[in-house]
Amino acid sequence: MEIFNVKEFLSAFVVLFAIIDITGSIPVIIGQNAKNPINALRTAAISLVILVLFMFFGEGLLAFFNIDVSSFAVAGSVVLMVLAVEMLFGVTIMKDDAPEGMGGFVPIIFPLIAGPGTLTAVITLRADCHVLDLIAALLLNMVAVYVVIRNAHWVERLLGKGGIYVLRKFFGIILLAMSFRLFANNVTNLIG
């Protein structure tokens with residue numbers, strides 16, 4: 001019996017990296033850091049714990065509340081839409097009422113890192129991958145999350161205020177499109 005499968009690990013890593021898209025979240029991270037500084041290590045650690053717990057208990061938890069994965073994904077897509085509207089129109093809809101030191105729980109940990117897309121992917125990958133391969137892929141993704149959050153200020157310094165403004169608007173459109181896709185892919189399961 002093979003304990004660690006490199007192909008499964010790499011496949012899971014790439015899928016999760018694409019869904020988390022932490023590099024695409026740099027404008028959100030920079031904006032959040034300006035309001036309530038993000039602790040990169042805590043953010044990555046909490047995200048990892050949430051994702052690993054959801055890997056084992058997610059379907060049962062959703063079933064306990066009589067929620068299916070599609071309903072969960074639709075709800076998460078609405079949160080992503082709100083975040084995209086904030087980025088595009090420069091308005092504040094989500095109140096940042098996190099306690100000191102917990103800056104970024106919403107929207108960084110949820111829904112950007114451990115959001116509905118990632119949580120759904122973890123459940124799906126659990127069926128196709130060995131647990132150790134999936135945990136290793138999650139761990140490596142959280143290392144990437146840590147590195148990007150920890151170094152977001154370098155991107156801000158490199159691009160300047162104008163560059164960050166343009167990047168924020170561009171990724172606002174991308175995030176809005178992703179939220180609509182997540183919504184459309186899952187709302188049909190609820191209606192049909």
Open item on the list: Please determine whether any residue of the range 171-191 is modelled with pLDDT under 85 and basic (K, R).
Closed with: yes
- [ ] Specify the residue that is nearest to L10 (Cα to Cα); the eligible residues are those in the range 88-124 that are more than 16 Å from the chain's Cα centre (by Cα), among the aliphatic types (A, V, I, L, M) and modelled with pLDDT of 80 or more.
- [x] L88
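Check whether at least one residue in the range 62-69 is open to solvent by less than 40 Å² (accessible area, probe 1.4 Å) and more than 16 Å from the chain's Cα centre (by Cα), and report yes or no.
Applying the first criterion (open to solvent by less than 40 Å² (accessible area, probe 1.4 Å)) to the range 62-69 yields 62.
In the following step, the residues that additionally are more than 16 Å from the chain's Cα centre (by Cα) were identified as 62.
The answer is yes; a qualifying residue exists.
Does L61 qualify as being touching a Leu at 6+ places or on another chain (Cβ under 9 Å), part of a helix (DSSP H, G or I), at pLDDT below 85 and not aromatic (F, W, Y)? Don't jump to the end; show me each part of the working.
Working: touching a Leu at 6+ places or on another chain (Cβ under 9 Å): yes; part of a helix (DSSP H, G or I): yes; at pLDDT below 85: no; not aromatic (F, W, Y): yes.
Answer is no for this residue.
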Task: Tabulated pairs, the range 1-30, first more than 18 Å from A84 (Cβ to Cβ), second outside any helix (DSSP H, G or I) and open to solvent by 40 Å² or more (accessible area, probe 1.4 Å), C-beta under 8 angstrom, 6+ apart or interchain - done: E2/H130; I3/H130; F4/H130; N5/H130; E8/H130
Open item on the list: Restricting to the range 1-41, and then to whatever is of a type in the set (D, E, K, R) and within 30 Å of Y165 (Cα to Cα), can you tell me which residue is surrounded by the most Cβ atoms within 10 Å (Cβ to Cβ)?
Closed with: D21
Open item on the list: Can you report the number of residues in the range 162-176 which are open to solvent by less than 60 Å² (accessible area, probe 1.4 Å) and free of Cβ contacts under 8 Å to residues at least 40 places away in the same chain?
Closed with: 2
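Return the total of residues in the range 127-161 being open to solvent by 50 Å² or more (accessible area, probe 1.4 Å), in a helix (DSSP H, G or I), over 27 Å from F56 (Cα atoms) and without any contact (Cβ under 8 Å) to a residue 12 or more places away in the chain. Outline the logic, then answer.
Our first condition is that a residue be open to solvent by 50 Å² or more (accessible area, probe 1.4 Å); within the range 127-161, this holds for 127-128, 130, 132, 135, 139-140, 143, 146-147, 150-151, 153-154, 156-159, 161.
Then keep just the ones that are in a helix (DSSP H, G or I); that gives 127-128, 132, 135, 139-140, 143, 146-147, 150, 153-154, 156-159, 161.
Those left that are additionally over 27 Å from F56 (Cα atoms): 150, 153-154, 156-159, 161.
Next, only the ones that are without any contact (Cβ under 8 Å) to a residue 12 or more places away in the chain stay: 154, 157-159, 161.
Of the residues in the range 127-161, 5 are open to solvent by 50 Å² or more (accessible area, probe 1.4 Å), in a helix (DSSP H, G or I), over 27 Å from F56 (Cα atoms) and without any contact (Cβ under 8 Å) to a residue 12 or more places away in the chain.
The values are calculated or read from the model by the stated rules, or taken from the named source; none is laboratory data. Only a predicted model underlies this, so the values are computations on that prediction, with no experimental measurement involved. Please note: Cβ atoms are built from the backbone with ideal geometry, for glycine as well, and neighbour counts cover all protein chains shown. For the accessible areas, the whole protein counts, side chains as well, though only heavy atoms, and no ligand, DNA or RNA atoms are used. Shrake-Rupley method; radii C 1.70, N 1.55, O 1.52, S 1.80 Å.
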